[in-house]
Amino acid sequence: MKGDINSEESKKGLSFVEQIIRNDLAEGRDGGRIQTRFPPEPNGYLHIGHAKAICLDFGMAEKYNGTCNLRFDDTNPTREDVEYVDAIMEDIQWLGFRWENVYYASDYFGQLFDFAVSLIQKGHAYVDEQSSEKIAEQKGTPTQAGIESPFRNRPAEESLDLFYRMNRGEFEEGSMTLRAKIDMASPNMHFRDPIIYRIIKTPHHRTGTQWKVYPMYDFAHGQSDYFEGVTHSLCTLEFEVHRPLYDYFIELLRTGDYRPRQTEFNRLNLTYTFMSKRILLELVKEGLVSGWDDPRMPTLCGLRRRGYTPSSIRKFVDRIGYTKFEATIDMALLEHTVREDLNATARRVAAVLNPVKLILTNYHEGRVEMMTSVNNPENPDEGVHEIAFSRELYIERDDFMEDAPRDYYRLTPGQEVRLRCGYIVRCTGCRKNAAGEVEEVYAEYDPQTKSGMPESNRKVKGTIHWVSVAHALPAEVRLYDRLFLSENPAEEKDKKLHELINPESLKILTNCVVEADLATARPYDHFQFQRIGYFNLDPESADGKLVFNRTVSLRDTWTKKK
């Protein structure tokens, strides 16, 4: 960092978390060292809420020449899987971050077990043979002291023997726990002899059957930070009430001046979605979505498949910032951010989602012209590409109306429009089938009005896009929208999950056409379908079958609905 990191000028616009880090650096705390960690539990896929923590943990380490480690909190083998480990790594890298080291809480199982043994020996822990339900009943209330366990004062030697036997698998799950012996009358409910170890006999994805007892989060997390040398343990606000317990265990563990410090910030809550891995897993298991990477999901892999860019997510996180106050962010802000990002980067192409044939009756049959189409008007350096123009074109069915109102500026008999980067044409009529549906639209083109010619400056009120029939590629287009109808689905307690689903969250259009230049598109490539929205090529695409996902419309349509 250059300049005075503690000056008032340098602090402008900083979050309170970054101000803490700057103050610590200025004071030389921990030798001027910055070390963070991102500690996900590998029991599901990461969602955009995790992106906020990722950007902070990795971003602060990167900005202040520190270290950020990836540490998997794998202390519950009943819910964890290697699939999730691999997916988490992929998502972090996709966002543009790199970890210094990969660790697992299971790396410290031996040290944690030894620490638990020392707590028993020093009278700070005991084995309880009561059920978890009974223990919960004895916790008391914030204004009423808890009831001590009948096993609270059992001899240390007895608890130690039982703890070793618990780990040898001699007792059934739920029959015994190891509890910290702190204060059953503490106003902080977390201090009322919390459970720190429980029996789990499910094999672990890394350690197999080596362990039969596993540490609870509150016991494993802070100690893992300490073993690794973490200086700033950044957590969301729900862990604020856990911080005194975090500090308590570290004080019993540490041997010198160093100790990690936990700081909490507000989590990311979004309208029209859930930020609970449990509910996201339920959506997958019930088949309400196609999988974790369904483009309607708030998971990072779902957003990636839908066409969100890493830069748009990072910009979004930067905009909402980090505070000590919980709030719910409007989904419209996320959509605005990706719309803004793609407007600057996405290539403009022609696509017709609901085609009807337009025939230029005075254009020579067999004639083909190559029209110049700008790749991105926001960035002239991206150049141009050519698109074939012919006598028969596909246009959007909505761009023709036989009996149109006065403020309709697209094709209607007797009215002129410009064919984008082509000619001005005048509609002469249409042909319908027996059911009264329009099958063909007819028009005459003005050969003096080709884009770039002197007459091309003649003013017309409407411009429509098109794709040459002879050069069109068939495509499937998936129009994704918000998964839930309710702005706050978590508050709809009286409804089942499937009742909250937006029935319009996915529309699949199978008869679409796109311009021939898209034959070379690759999965995840981004495009603006002119006049329609932003799309990307889905990885399910194959030769002869192009599948596009709508990332976001050109404009916000939900605000009007509300």
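Bear in mind these aren't lab numbers, they're just calculated from the coordinates by the rules spelled out. A quick note: this is a predicted structure, and the numbers were derived from the prediction, not measured. Note: ideal-geometry Cβ built from the backbone for every residue, glycine included; neighbour counts use all protein chains shown.
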Q) Hey, what's the Kirkwood Rh for the range 241-377 if you take every pair of different alpha carbons, in angstrom? A) 20.3 Å
Q. Loop-only check: which GluC sites (Glu not before Pro) in the range 345-441 are DSSP coil with at most 16 other Cβ within 10 angstrom?
A. Glu365, Glu378, Glu402, Glu437
Q: Pull up the cross-link candidates among the aspartates and glutamates for Lys461, meaning alpha carbon to alpha carbon under 12 Å and not fewer than 8 places away within one chain.
A: Asp407, Glu416
Q: Report the relative contact order of the chain, percent, no decimals, based on alpha-carbon pairs under 8 angstrom and at least 6 residues apart.
A: 11 percent
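Which trypsin sites (Lys or Arg not before Pro) does the range 163-233 hold that lie in a coil by DSSP with at most 10 other beta carbons within 10 Å?
Arg168
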Q) In nm, what is the difference between 0.36 nm times the number of residues separating Thr520 and Glu492 and their Cα-Cα distance? A) 5.5 nm
Q) What pairs in Lys52/Lys324; Lys139/Lys212; Lys212/Lys285; Lys139/Lys181 have C-alpha atoms more than 20 Å from each other? A) Lys139/Lys212; Lys212/Lys285
Q) Taking Cα centroids, how far is the range 389-449 from the range 53-83 in Å? A) 57 Å
**Q.** Length gained when the stretch Arg555-Glu240 is fully extended (0.36 nm per residue, less Cα-Cα span)
**A.** 109.5 nm
Q) If you place +1 on the Cβ of every Lys and Arg, -1 on the Cβ of every Asp and Glu, and leave all else neutral, what size is the dipole of the range 431-562 about its Cα centre, to the nearest 20 Debye? A) 480 debye
Q: Taking H placed 1.01 Å from N in the peptide plane, check which residues at least 5 places from Thr463 or on another chain put their amide H under 5 Å from its amide H.
A: Arg418
**Q.** Computed FRET value (nearest 0.05) for Glu392 with Leu485, which takes r as the C-beta separation and R₀ as 60 Å
**A.** 0.90
Q) Which loop-located trypsin sites (Lys or Arg not before Pro) does the range 53-101 contain, where loop means any DSSP state but H, G, I, E or B and the Cβ has at most 14 other Cβ atoms within 10 Å? A) Arg98
Q) So in the chain, what percent of DSSP beta bridges are antiparallel if you round to the nearest 5? A) 65 percent
**Q.** Estimated [θ] at 222 nm from DSSP helical runs (n ≥ 4, -39500 (n - 2.57)) normalised by residues in the chain, nearest 500
**A.** -7500 deg cm²/dmol
Q: Please work out which option in [x] 3, 14, 20, 20, 16, 11, 7, 5, 3, 1, 0; [y] 3, 12, 17, 18, 14, 11, 9, 7, 5, 3, 1, 0, 0; [z] 3, 17, 29, 27, 17, 6, 0 gives P(r) over Cα pairs in 10 Å bins from 0, in percent calculated from these coordinates, and answer with its label.
A: [x]
